Amino acid sequence: MRPEDLLQPRPEGLYCPPGDFYIDPVRPVERALVTHGHADHARPGNVRVLATAQTLDIMAIRYGADFAKERQVAALGEALTINGVDVSFHPAGHVLGSAQIAVAKDGMKIVASGDYKPRPDPTCAAFEPIACDVFITEATFALPVFRHPDDRAEIQKLLRSLRQFPDRAHLVGAYALGKAQRVIRLLRDEGHEDTIYIHGALKTLCDYYESQGIALGPLAPATVDNASKGAFAAAIVVGPPSAFADRWARRFPDPVSCFASGWMRVRQRAKQRGVELPLILSDHADWDELVDTITTIAPSEVWVTHGREEALVRWCETKGIRARPLHLIGYEDEAE
Amino acid sequence: MKRFAELLDRLVLTPSRNGKLKLMVDYFNEVPDPERGLALAAITRDLSIASIKPAMLRGLVEERVDPVLFALSYDYLGDLAETIALIWPVGEDRPQGANDAPTLLEVVETLHAATRAKAPALVADWLDRLDASGRYALIKLVTGGMRIGVSARLAKQALADFGKVDVTAIEELWHGLDIPYLPLFAWLEGHTDKPANLAAAPFRPVMLATAIEDGDLDKLDPADYAAEWKWDGIRVQATAEGGVRRLYTRTGDDISATFPDLMEHLNFEGSMDGELLVGHRSGDLLDDGRQRIEIGSFGDLQQRLNRKIVSAKTIESYPAFIRAYDLMQDGDRDVRAEPFRERRRRLERFVQHLDPERFDISPLVPFDDWSQIVDFRSEPPHPIIEGLMLKRWDSAYVPGRPRGPWFKWKREPFLIDAVLMYAQRGHGKRSSFYSDYTFGVWKGVPEDGELVPVGKAYFGFTDEELKQIDKYVRDNTVERFGPVRSVRANLKTGLVLEIAFEGLNRSARHKSGVAMRFPRISRLRWDKPAREADTLETLEKMLP
């Protein structure tokens with residue numbers, strides 16, 4: 001079997017003809033396999049959805065319990081068969097519940113990794129490299145200028161600024177699913193025990209993380225009531241990045257605006273957004289991690305999707321690995 | 001170097017003045033000599049370092065990474081220093097975080113002693129030893145591109161805050177100090193007395209005026225005050241002592257190099273305060289047969305400002321001269337404690353001996369009562385006059401801005417009604433507000449419906465008004481471009497802003513062909529229909 005007979009891009013998403021299912025479809029389909037709960041990968045309106053239990057929970061939180069007619073849980077590592085195609089889910093290390101999806105038939109195995117990050121993350125299961133013939137990799141940060149620094153050093157940067165400007169609230173922009181909880185958990189790991197204030201949009205997801213055994217410490221809503229008590233001086237406030245450009249942010253006196261994102265590596269991006277303290281924290285693999293992963297898995301072919309495909313395809317070519325861009329539409333850059 | 005790199009990273013992204021000061025003060029507190037002094041010199045751009053060409057850095061990086069990947073990365077980021085800093089591969093034998101980053105001292109001294117041919121290897125070694133942020137700082141340092149939004153003046157203010165002294169004390173000492181400023185830091189930390197200023201032709205902290213406010217004049221006796229015109233150039237201090245000549249701005253920046261034509265004529269012993277103006281040759285002849293220089297506009301002056309290299313042609317076309325206001329040093333005599341009346345007499349004698357093409361005296365404006373001053377202010381005899389100065393006859397020349405001895409009374413600003421076209425989100429406290437406004441006027445007749453942008457303003461309104469404009473912007477957004485919104489502006493709908501500004505210049509850079517000086521929003525004209533806003537033609541008539 002040729003790999004493109006097993007998985008192929010269609011306008012709806014990545015399609016498996018023999019199994020008659022889509023992976024992360026961007027339009028409603030009959031049967032969807034979903035890698036993780038971010039809105040550009042997990043959309044409502046499919047008839048049947050197969051995903052990890054945590055991804056299904058997250059979709060229910062975001063879209064309501066009726067986001068699909070039929071839900072099926074895929075346990076990590078469990079061997080499933082759909083219309084004669086072998087399917088298995090493996091941890092991707094991206095956010096809670098995130099998985100790579102391995103698809104195999106007649107000796108051809110393709111791994112669609114969705115979004116992934118190999119470095120340890122206290123809020124989700126660690127990425128596992130899966131041997132395969134074709135590895136489908138994301139390319140969000142696929143330029144050699146993107147090398148994410150050590151997470152702890154970035155969190156230390158935030159804590160240092162908090163000590164330096166003790167009368168200013170530190171507003172941390174972080175994507176509501178995954179990044180926000182990771183920032184909070186990393187702060188706890190670095191010994192920050194104070195109450196962390198959160199934007200309303202984060203509440204249910206933070207509660208869900210707690211229910212899954214990820215302790216986030218004392219959290220409180222960043223409400224105007226708390227603001228009037230002057231509670232936000234010296235406090236860390238976490239909210240979705242879009243909220244900081246919004247009227248919501250006006251309750252904080254003279255805040256230091258921070259943004260936790262891999263894009264913060266680029267000074268101009270930080271400057272444009274008016275970010276005073278960029279925190280380079282990404283839930284995607286950086287350049288070194290992308291090439292290390294490909295080297296480890298050693299697939300005979302690499303398909304590169306969403307991001308800077310050209311650079312990663314070029315790197316594969318210089319290493320003698322067959323590679324091509326896979327033009328999927330509808331996936332966004334992280335938190336942009 | 002690591003701490004310095006972190007300081008630069010924070011300074012670049014911190015919009016507030018107080019935030020920047022705090023970052024610098026903390027740095028001076030935490031970092032020992034001589035490192036902090038070198039950092040200070042780097043920030044004030046006084047650190048001269050053997051310059052490395054960007055092409056050389058590019059060559060270094062292309063030896064180490066795939067040129068195609070480098071090109072893709074550079075194309076994506078659009079900034080060479082940043083691309084090199086981020087893409088530089090960390091050697092296998094040098095794990096990231098190894099504690100052998102070079103100090104500023106090592107970089108400055110080694111590079112100073114090195115031959116040109118050795119420089120690339122040195123830079124490569126340092127790049128290996130630094131992290132991405134450190135590499136960026138190093139590249140900025142060695143290529144001389146230290147633009148971080150901190151003026152020398154702000155750095156001096158940080159020193160003043162650090163040592164809890166007045167900033168004028170720092171300005172006064174500044175030009176007598178050598179990098180890395182050890183006696184300065186020792187004094188600011190309270191270990192030693194204030195260092196003596198041993199520099200020849202030092203800067204003398206400038207005396208500034210406060211603005212006249214409503215009712216001020218009623219309390220003042222006209223007989224106590226001299227009046228003179230306030231010229232629209234740049235305030236300077238010209239000093240020549242013991243063979244050393246210097247031209248300082250009012251904050252003590254040395255701008256001698258920008259005005260070599262003027263420096264030639266500083267053939268005196270003393271220090272004067274005046275307005276630097278540029279002119280062009282007129283038809284009038286001086287006694288010696290040369291053409292008199294006629295005073296030029298602020299636009300002419302801009303031809304000479306902020307330029308690293310001034311061409312001979314520019315110098316010839318826009319000769320610089322000084323219109324003298326005051327005298328602080330007369331030969332070997334410090335006359336600052338003398339009353340203004342006495343200093344003025346000295347100044348008249350002093351200027352007599354100077355080249356009349358390059359020096360004249362700002363004339364006093366005789367008056368008997370304040371009503372005359374009110375008239376002079378509204379009808380100044382020359383377009384380059386921006387108002388009047390009132391100086392007490394008995395005032396000593398003291399540094400800073402004491403209230404009482406000197407007043408300034410600027411002329412009324414120009415006013416136009418313009419239409420809000422674009423709004424951009426602010427920074428810091430204003431990051432949730434659309435607070436920077438681009439406004440335009442009608443091109444041709446309003447009925448043509450074409451607005452042309454003529455300026456940008458981000459202050460002049462109250463916090464309450466800011467909220468109202470912000471709401472208007474959000475409710476009337478037509479298009480978004482990143483942090484900028486295009487706002488509905490046509491004959492029927494549009495927010496009219498009354499814009500006040502100090503003057504207008506022709507500008508080839510702006511689509512409208514005009515550029516405003518110091519525009520700000522003076523009133524929100526919610527009542528005024530957009531079609532009644534001004535036209536470009538009205539604006540053009542205000543050109544000098």
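The values are calculated or read from the model by the stated rules, or taken from the named source; none is laboratory data. This is a predicted model, so every value here is computed, not measured. Because the Cβ atoms are built from the backbone with ideal geometry, glycine has one as well, and the counts that use them run over all protein chains shown. The area values use the complete protein model at the heavy-atom level, side chains included, leaving out ligands, DNA and RNA. Shrake-Rupley method; radii C 1.70, N 1.55, O 1.52, S 1.80 Å.
Can you name every residue in the stretch A:225-257 that is away from every other protein chain (no Cβ under 14 Å) and without any contact (Cβ under 8 Å) to a residue 60 or more places away in the chain?
Matches in the stretch A:225-257: A:Asp225, A:Asn226, A:Ser228, A:Lys229, A:Gly230, A:Ala231.
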Reported set for the stretch B:346-364 where residues are surrounded by 13 or more Cβ atoms within 10 Å (Cβ to Cβ) and in a loop (DSSP other than H, G, I, E, B) is B:Leu354, B:Asp355, B:Pro356, B:Glu357, B:Arg358, B:Ser362
Note on the stretch A:90-144: residues part of a strand (DSSP E or B) and farther than 21 Å from A:Ala42 by Cα are A:Ala104, A:Lys105, A:Met108, A:Lys109, A:Val134
If you go through B:Val496, B:Val441, the only one that is under 29 Å from the mean Cα position of the chain (by Cα), touching a residue at least 40 places away in the same chain (Cβ under 8 Å) and under 23 Å from B:Glu412 (Cα atoms) is B:Val441
Going through the stretch B:473-530 in order, the residues found to be small (Gly, Ala, Ser) and not in a strand (DSSP E or B) are B:Gly482, B:Ala489, B:Gly494, B:Ser507, B:Ala508, B:Ser512, B:Gly513, B:Ala530
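So how many residues does the stretch A:296-314 have that are open to solvent by 30 Å² or more (accessible area, probe 1.4 Å) and within 11 Å of chain B (Cβ to nearest Cβ)? Before you say what the answer is, go through the steps one by one.
Within the stretch A:296-314, the first condition is being open to solvent by 30 Å² or more (accessible area, probe 1.4 Å), and the residues that meet it are A:296, A:298, A:300, A:308-310, A:314.
Within this subset, residues satisfying the condition of being within 11 Å of chain B (Cβ to nearest Cβ) are A:308-310, A:314.
Qualifying residue count, the stretch A:296-314: 4.
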Within the stretch B:54-73, restricting to residues that are within 36 Å of the chain's Cα centre (by Cα) and more than 13 Å from chain A (Cβ to nearest Cβ), the one that is surrounded by the fewest Cβ atoms within 10 Å (Cβ to Cβ) is B:Ala55
Here the residues within the stretch A:35-82 that are surrounded by fewer than 17 Cβ atoms within 10 Å (Cβ to Cβ), out of contact with any Asp or Glu (no Cβ under 6 Å at 6 or more places or on another chain) and part of a loop (DSSP other than H, G, I, E, B) are A:Ala39, A:Pro44, A:Gly45, A:Gly64, A:Ala65, A:Asp66, A:Ala75, A:Gly77, A:Glu78, A:Ala79
Scanning the stretch A:258-288 for residues that are among the acidic types (Asp, Glu) and buried (at least 24 other Cβ atoms within 10 Å of the Cβ), the one farthest from the other protein chains (Cβ to nearest Cβ) turns out to be A:Asp283
By residue number, the members of the stretch A:1-34 that are in a strand (DSSP E or B) and of a type in the set (Gly, Ala, Ser) are A:Gly13, A:Ala32
Over the stretch B:235-253, the set of residues surrounded by fewer than 18 Cβ atoms within 10 Å (Cβ to Cβ) and in contact (Cβ under 8 Å) with a residue 24 or more places away in the chain is B:Arg235, B:Gly242, B:Gly243, B:Val244, B:Arg250
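Can you name every residue in the stretch B:470-500 that is of a type in the set (A, V, I, L, M, F, W, C) and under 28 Å from B:Ser432 (Cβ atoms)? Walk me through how you get there before you give the answer.
The first filter runs over the stretch B:470-500 and keeps only residues of a type in the set (A, V, I, L, M, F, W, C), leaving B:473, B:478, B:481, B:484, B:487, B:489, B:491, B:495-497, B:499-500.
Residues satisfying the conditions are B:Val473, B:Val478, B:Phe481, B:Val484, B:Val487, B:Ala489, B:Leu495, B:Val496, B:Leu497, B:Ile499, B:Ala500.
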Among B:Phe481, B:Phe461, the single one that is over 20 Å from B:Arg517 (Cα atoms) and hydrophobic (A, V, I, L, M, F, W, C) is B:Phe481
Checked the stretch A:188-212 for anything under 19 Å from the mean Cα position of the chain (by Cα) and closer than 21 Å to A:Arg119 by Cβ; matches are A:Tyr209, A:Gln212
Across the stretch B:399-437, the tally of residues that are among the hydroxyl-bearing types (Ser, Thr, Tyr), over 22 Å from B:Asp527 (Cβ atoms) and part of a strand (DSSP E or B) stands at 2
Here the residues within the stretch B:400-450 that are within 14 Å of another protein chain (Cβ to nearest Cβ) and among the hydroxyl-bearing types (Ser, Thr, Tyr) are B:Ser431, B:Ser432, B:Tyr434, B:Ser435
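Which of the residues that make up the stretch A:315-328 are among the β-branched types (Val, Ile, Thr) and either part of a strand (DSSP E or B) or open to solvent by 40 Å² or more (accessible area, probe 1.4 Å) (or both)?
A:Thr318
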Please verify whether the stretch A:146-167 includes one or more residues that are in contact with a Pro (Cβ under 8 Å, 6 or more places away or on another chain), among the aliphatic types (A, V, I, L, M) and not assigned by TED's automatic domain parsing to the domain that holds A:Asp288.
no
Here the residues within the stretch A:145-178 that are open to solvent by 10 Å² or more (accessible area, probe 1.4 Å), assigned to a loop (DSSP other than H, G, I, E, B) and either without any contact (Cβ under 8 Å) to a residue 40 or more places away in the chain or within 27 Å of B:Ile84 (Cα to Cα) (or both) are A:Arg147, A:His148, A:Pro149, A:Asp150
Within the stretch A:3-24, of all residues that are open to solvent by 20 Å² or more (accessible area, probe 1.4 Å), charged (D, E, K, R) and touching a strand residue (DSSP E or B) at 6+ places or on another chain (Cβ under 7 Å), the one farthest from A:Asp133 (Cα to Cα) is A:Glu12
B:Met516 vs (1) touching a residue at least 12 places away in the same chain (Cβ under 8 Å); (2) touching a helix residue (DSSP H, G or I) at 6+ places or on another chain (Cβ under 7 Å): all pass except (2)
